[in-house]
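Values in this text are rule-based calculations from the coordinates and carry no lab data. The structure displayed is predicted, hence computed values, not measured ones. In this analysis, Cβ positions are derived from the backbone assuming ideal geometry, glycine residues included, and neighbour counts consider all displayed protein chains.
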């Protein structure tokens, strides 16, 4: 990647997140002097704290514990003052990174000397704090305010005679690094060793603090002064699902064991604890291991980079690869994809943001993505596509007892290559040693409970996949019994049936064959209780079966009954039978049930045989039916608004009722105000106690809203188009002068003047419901004209309250505007016969003269313009 050198890993928190306490630490030392079998070391403790923790501080002083590396015995405890504190910050100016965060944190330094007698075992120097930062993403949920332990190892002479004369490895990588979520990054955990020892790097567990207490929880390390440290061994933090001490940033991130360089694709936005161990090897012998522990803050910045996973595995059932650039940077504007087979032949190319290709043949293919070719921030990357369908990881387990081995058997199958790698995690959260790379391992669980076992399997062509399975660990092996209590009719034989893993023993063995099997046969003549013992590699359990005997089958049938025809009833005979066989009959729903449901179509007799082994008894019961009373509410109907309807019901019952309540007749008259459903209920006394119901719906049509249009004016001989609405049929009257009286929009032409011709329109809907509306037409013996009063009195008395245009022969008022004497517009409208009420924004205007203008179109389509003045008076 061209931009990896520009990435920066964040150990601080964003200002909006409430950070708490320490974000990382390390310890290193050098030799000051040696004399008389003792060595004096100068030790430096370095801790990090986010700039977002303004109300926190470093411990001052801090306790430092020195312990024997073999026995963990305390040598002595130091209280060391804080020497200095510095603030570091940085914001990336890389033009290819969007939304780069500001990295800011404080670094605290404690320097102190220790003189130690050279020993075969060596020493561990320890510093502890109560709380790391909160909300660490790669830990199990609920582990906020978890503590931290930082150590340095001083080797002993048992490893190498000259090992005590050691200057520890010291990490030298920059801590000002930015990481963008789901983007590629690299971070160097490289260290330098003054003794030129060989260095080997690996991810290791981050230590928490258990048994450590704090003074004042309001300050940085947990108190203004720390508490004495606790001795080793130290416990790992609880890593969450998908993370571990070996993969603290997930499986997409790895560390180079030779260089200490971390590379990969960053996980999602969050805070992650990462610990790197570096071993010091002298003459091929590991003499000491030093540690650096950091909380990394990965943010939502984006990098204009070509970013893919290292591998895309099509090892299941599909050979289709759909892949997009993992970087979502808005700076990326161009994509070029190239897929090639193992021979280097191009099999697919595309310029789309998302590549979509189905491989025709299995094999290993290269996937290359180039972004922003010819633009700013160009980049490219390659990945592998492993197209080997038919790889299916699976396993089985045998055993489930506490403190006894559980055997796991690999059942993984592959269509290509061979299965060649197994990584088992047996699901014990409190330990990191529950692992195995055997194909078929055993594991012993120390406590009962449910454990999730994980198997990661590989094959020789590169496919990898994971399968999980929950197992229950019990304090005794489970026994499954086909029955616990049964009844037989001697001398019939019976087979007892148990299931489980291990060796079975039944007792007493009287009248029994196969007592050492899971399925012995017994011949009992009296009530007997048998015990079954299961031994699973020394893990024991016991259960029992009771066998009762009877010389005969008892059967008492229920009394004959009467039900409403079409109803369902459950027949309940009283019997000690174990098996029931009901003879086929109409309406029988459950032929083998002890108490079946039946729905007889008419009078029906039902027969049953109850049996216990070879003993039987038979019986029958009559179920007679009575029809429901007839209930017919009549046909649904539709009526006009405000009218009535007569209902017509019918019944053969002895009683009936309406709901909503109506007069006690089969043919009531109703006048609903809206659509109403009337329920007719009929009852009878012939034996069916249940009522019958039927419903009739009376739909009330909406009231016809007849509209004839507004009153208007026209000139003699000028066409006037009328407009009616509200229904489906129309009739205008008087019809004189109308082009079509049955049209909702007829054209009217009047040949003589009229002070007010009143027209009526009858409007009907689809059901014939009707209503009427009226309008008045004034006919003037003039040319088209707009009349505007010369004065108006807006005092609310209903007389001359408006200044308005009255059009004669006018089809449209384009605008009617009123201006005050300063030329300010006080009113604008476009409706005929509607105008100004003398107010502007609710305020009544002053008396005086106002100028009006009107623009209109007459019924011949000609433009009309007129202006004038009017006086406002009160």
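Report the far tail of the P(r) of the stretch 76-234, meaning the percent of Cα-Cα pairs longer than 22 Å.
On the way: 7445 of 12561 pairs.
The answer is 59 percent, as a whole percent.
Return the label of the correct value of P(r) over Cα pairs in 20 Å bins from 0, in percent, as calculated from the structure shown, out of (i) 11, 25, 18, 13, 11, 9, 7, 5, 1, 0; (ii) 10, 20, 17, 23, 22, 9, 1; (iii) 14, 49, 31, 5, 0.
For P(r) over Cα pairs in 20 Å bins from 0, in percent, the calculated option is (ii).
Kirkwood Rh and Cα-based Rg: tell me the resulting Rg over Rh for the stretch 645-756, rounded to two decimals. Each step should come with its number before you reach the end.
On the way: Rg = 26.2 Å, Rh = 18.9 Å.
When Rh is taken as the Kirkwood radius, the ratio is 1.39.
Along the Cα-to-C-beta direction of residue 403, a point sits 7 Å from the Cα; which residues of the stretch 438-481 have their amide N less than 11 Å from that point?
446-447
Could you compute Rg(Cα) / (2.2 N^0.38 Å) for the stretch 4-298, with N its residue count?
Details: Rg = 18.6 Å, N = 295, 2.2 N^0.38 = 19.1 Å.
So the Cα radius of gyration is 0.97 times the expected 2.2 N^0.38 Å.
Between residue 269 and residue 592, 0.36 nm times their residue separation minus their Cα-Cα distance comes to what?
Working: separation 323, 0.36 × 323 = 116.28 nm, distance 6.11 nm.
Answer, rounded to one decimal: 110.2 nm.
Quick check for you: which residues of the stretch 406-435 have the amide N under 15 Å from the point 7 Å beyond the Cα of residue 364 toward its beta carbon?
416-418, 420, by backbone N distance to the label point.
Take the alpha carbon atoms of the stretch 523-545, find their center, do the same for the stretch 324-393, and report the distance between the two centers in whole angstrom.
Taking the Cα centre of each part, the stretch 523-545 and the stretch 324-393 sit 64 Å apart.
Hey, what D do you get for the stretch 467-601 in µm²/s if you plug the Kirkwood alpha-carbon radius into Stokes-Einstein at 20 °C and 1.002 mPa s?
Details: Rh = 18.3 Å.
In µm²/s, the coefficient is 117.
For the stretch 356-398, list residues with backbone N below 16 Å from a point placed 7 Å from the Cα of residue 415 toward its Cβ?
Inside the label zone: 358-364, 386-393.
How large is the direction-averaged shadow of the alpha-carbon convex hull of the stretch 34-94, in nm²? All intermediate terms of the calculation are to be shown ahead of the outcome.
On the way: hull surface 31.9 nm².
That works out to 8.0 nm².
Pairs of Cα atoms under 8 Å, at least six residues apart: use those to get the relative contact order of the stretch 304-387, whole percent.
Numbers: 192 pairs, mean separation 33.0, N = 84.
Once divided by the residue count of the stretch 304-387, the mean separation gives 39 percent.
Suppose a student asked you for the relative contact order of the stretch 555-626, using Cα pairs under 8 Å spaced at least 6 residues apart; what percent would you report? Don't skip to the end; give the middle numbers.
Working: 171 pairs, mean separation 27.3, N = 72.
Once divided by the residue count of the stretch 555-626, the mean separation gives 38 percent.
Give the relative contact order (percent, whole number) for the chain; include only Cα pairs under 8 Å separated by 6+ residues.
Working: 2377 pairs, mean separation 50.8, N = 874.
Over the chain, the number comes to 6 percent.
Viscosity 1.567 mPa s, temperature 4 °C: what is the translational diffusion coefficient of the stretch 637-700 from Stokes-Einstein with a Kirkwood Rh over Cα pairs, rounded to a whole number of µm²/s? Don't skip to the end; give the middle numbers.
Working: Rh = 12.5 Å.
The diffusion coefficient I find is 104 µm²/s.
On full extension of the chain, what length is gained from residue 157 through residue 202, given 0.36 nm per residue of separation minus the C-alpha to C-alpha distance? Intermediate values should be presented prior to the final figure.
On the way: separation 45, 0.36 × 45 = 16.20 nm, distance 2.47 nm.
13.7 nm is the gain from fully extending residue 157 to residue 202.
Kindly state, to the nearest 0.05, the FRET efficiency for residue 444 paired with residue 609, given R0 = 41 Å and r defined as their beta-carbon distance. Could you put the intermediate results ahead of the total?
Working: r = 54 Å, r/R0 = 1.33.
Between residue 444 and residue 609 the formula returns 0.15.
Tell me, what is a quarter of the convex hull surface for the C-alpha atoms of the stretch 739-874, in nm² with one decimal?
On the way: hull surface 43.6 nm².
Orientation-averaged projected area of the Cα hull: 10.9 nm².
How many nm is it between the label spots at residue 88 and residue 468, if each spot is 7 Å from the Cα in line with the beta carbon?
Placing both labels 7 Å along Cα→Cβ, they lie 3.7 nm apart.
Along the three principal axes, how long is the stretch 304-387 when you take its alpha carbons, biggest first, rounded to the nearest angstrom?
Computed over the stretch 304-387, the largest-to-smallest principal extents equal 37, 23, 19 Å.
Extending each Cα 7 Å along its Cβ direction at residue 826 and residue 34, get the distance between those two points in nm, one decimal.
The modelled label-to-label distance comes out at 10.9 nm.
Could you give me the radius of gyration and the Dmax of the stretch 567-606, taking only the C-alpha atoms into account and expressing both in angstrom?
10.0, 30
How long are the three semi-axes of the equivalent ellipsoid of the stretch 349-461, in whole Å, if each is the root of 5 times an eigenvalue of the C-alpha gyration tensor, listed from largest down? It would help to have the intermediate numbers written out before the result.
On the way: eigenvalues 352, 69, 22 Å².
So the three semi-axes of the stretch 349-461 are 42, 19, 11 Å.
Among DSSP beta bridges lying fully in the chain, give the percent that are antiparallel, nearest 5.
Numbers: 238 of 264 bridges.
Roughly 90 percent of the DSSP beta bridges within the chain come out antiparallel.
Rounded to whole Å and sorted largest first, list the principal axis extents of the Cα atoms in the stretch 480-549.
Each principal axis gives a Cα extent; for the stretch 480-549 these are 38, 19, 14 Å.
For residue 246 and residue 318, FRET efficiency with R0 = 35 Å and r from the beta-carbon atoms, rounded to 0.05?
Details: r = 30 Å, r/R0 = 0.86.
After rounding to 0.05, the efficiency reads 0.70.
So if each residue of separation counts as 0.36 nm, and I subtract the Cα-Cα distance between residue 740 and residue 99, what length gain in nm does that give? Before the final figure, lay out the partial values.
Values: separation 641, 0.36 × 641 = 230.76 nm, distance 7.36 nm.
Once the chain is fully extended between residue 740 and residue 99, it gains 223.4 nm.
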